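Derivation of every value follows stated rules applied to the coordinates shown; laboratory data play no part. Everything numeric here is computed off the predicted structure, so don't read it as measured data. Glycine gets a Cβ as well: all are built from the backbone with ideal geometry, and neighbour counts include every protein chain shown.
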Amino acid sequence: MSLPRVVKPRPNRRTAAIRLLRDTEHVDEVIERGIRDVKTSVWIATANLKDVHVKAPLGTRARAGGRYISLFDELEQAAQRGIDVRILHAGPPSRMLTQRLKPAGKTSILLRRCLRVHLKMIAVDGSTLYLGSANFTGAGLGAKGEHRRNFEAGIVTDDEWLLDEMQGTFDAIWTGKHCGACQLRSECPRPLDEYSKAAERQKPR
């Protein structure tokens, strides 16, 4: 007689409602219904960072004329309206994106670089979460032509636990909580814990 199998609960395992995204579905769900509807915040984590060109917003003359615009122009406008726009990336921004950001001297978008970031996530308003393979690039988000975009897959969810967990993961990297023990610190352009230290020094005594 065999003993009954004991199934131990697995940590970080739960049932959640998700929607599967593939290829060009990223444009509809992540950009059109996500980033373009942002009300308070958009947090983006990506390994590669490029200037993403997408169709102009619905209802505009530019859209009627079939024009494409830089998504970074929309993110910049959102940041200037007080939206919390943060981008955590591993590689340096592409040459085109660097040229777009430089003429203004500074950008209202908050960008921080960590060489170890390979996760791809987008959290909008703390209520919608994308997790998947897509980098924040035109090919990754399905904005390029049918035979030029990457083959990508991911999920989108409004599950509160997943949102809390992944925003906590993002914040821990963003604020430099892993920097002290990081073995790539000497190669890092600017360790993220230095931002927190600089903010502490600027606080009034």
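Mind giving me the nanometre distance, one decimal, between the label points for Gln99 and Thr175, set 7 Å out from Cα along Cα→Cβ?
The two pseudo-label positions are separated by 3.9 nm.
Between Arg13 and Arg36, what's the calculated FRET efficiency when r is the beta-carbon distance and R0 is 30 Å? Round to 0.05.
About 0.35, to the nearest 0.05.
For Ala56, put the label point 7 Å out on the Cα→Cβ axis and report which residues of the range 73-88 keep their amide N under 15 Å from it.
It comes to 73-74, nothing else.
As a quick test, which of the pairs Lys50/Lys120; Lys177/Lys197; Lys50/Lys102; Lys50/Lys106; Lys120/Lys197 have an alpha carbon distance above 19 angstrom in this structure?
Listed pairs above 19 Å: Lys120/Lys197.
With charges set only on the Cβ (+1 for Lys and Arg, -1 for Asp and Glu), what does the dipole of the chain come to about its Cα centre, in debye to the nearest 20?
Dipole magnitude for the chain comes out near 560 debye.
Spelling out what I want: for every residue of the range 57-74, take phi, set θ = phi - 60°, compute 6.51 cos²θ - 1.76 cosθ + 1.60 (Karplus), and round to whole Hz; glycine and proline get x.
x, 4, x, 9, 4, 4, 5, 4, x, x, 7, 10, 10, 6, 5, 5, 5, 5
As a footprinting exposure proxy, order Cys182, Cys114 by other Cβ within 10 Å, with the fewest listed first.
Ranked by crowding around the Cβ, least crowded first: Cys182, Cys114.
Which GluC sites (Glu not before Pro) in the range 116-175 sit in a loop by DSSP (not H, G, I, E or B) and have at most 14 other Cβ atoms within 10 Å of their own Cβ?
For GluC sites (Glu not before Pro) across the range 116-175 that sit outside H, G, I, E and B with at most 14 neighbouring Cβ atoms in 10 Å, the list reads Glu146.
Suppose we look only past 21 Å in the calculated P(r) of the range 45-122. What percent of the Cα-Cα pairs does that tail hold?
33
When only Cα pairs under 8 Å and 6 or more residues apart are kept, what is the percent relative contact order across the range 18-174?
That works out to 33 percent.
Which listed residue (Phe170, Leu101, Val52) has the Cα farthest towards the positive end of the charge dipole for the range 18-174, taking +1 on Lys and Arg C-beta and -1 on Asp and Glu C-beta about the Cα centre?
The Cα lying farthest towards the positive end belongs to Leu101.
Which length gain, in nm to one decimal place, applies between Ser127 and Leu110 when the Cα-Cα distance is subtracted from 0.36 nm times their residue separation?
Difference between extended and current length: 4.1 nm.
Can you list the HN-Hα couplings for the range 24-37, worked out from phi with the Karplus curve (6.51, -1.76, 1.60; θ = phi - 60°), rounded to whole Hz and with x for Gly and Pro?
With coefficients 6.51, -1.76 and 1.60, one gets 5, 4, 4, 4, 5, 8, 7, 8, 5, 9, x, 4, 6, 9 Hz.
Please turn the phi angles of the range 136-148 into ³J(HN,Hα) values with the Karplus equation 6.51 cos²θ - 1.76 cosθ + 1.60 (θ = phi - 60°), one per residue in order, whole Hz, x for glycine and proline.
7, 9, x, 5, x, 8, x, 7, 7, x, 3, 9, 10
When averaged across all projection directions, what area in nm² does the alpha-carbon convex hull of the range 7-68 cover?
With the hull built on Cα positions only, its mean projection is 7.2 nm².
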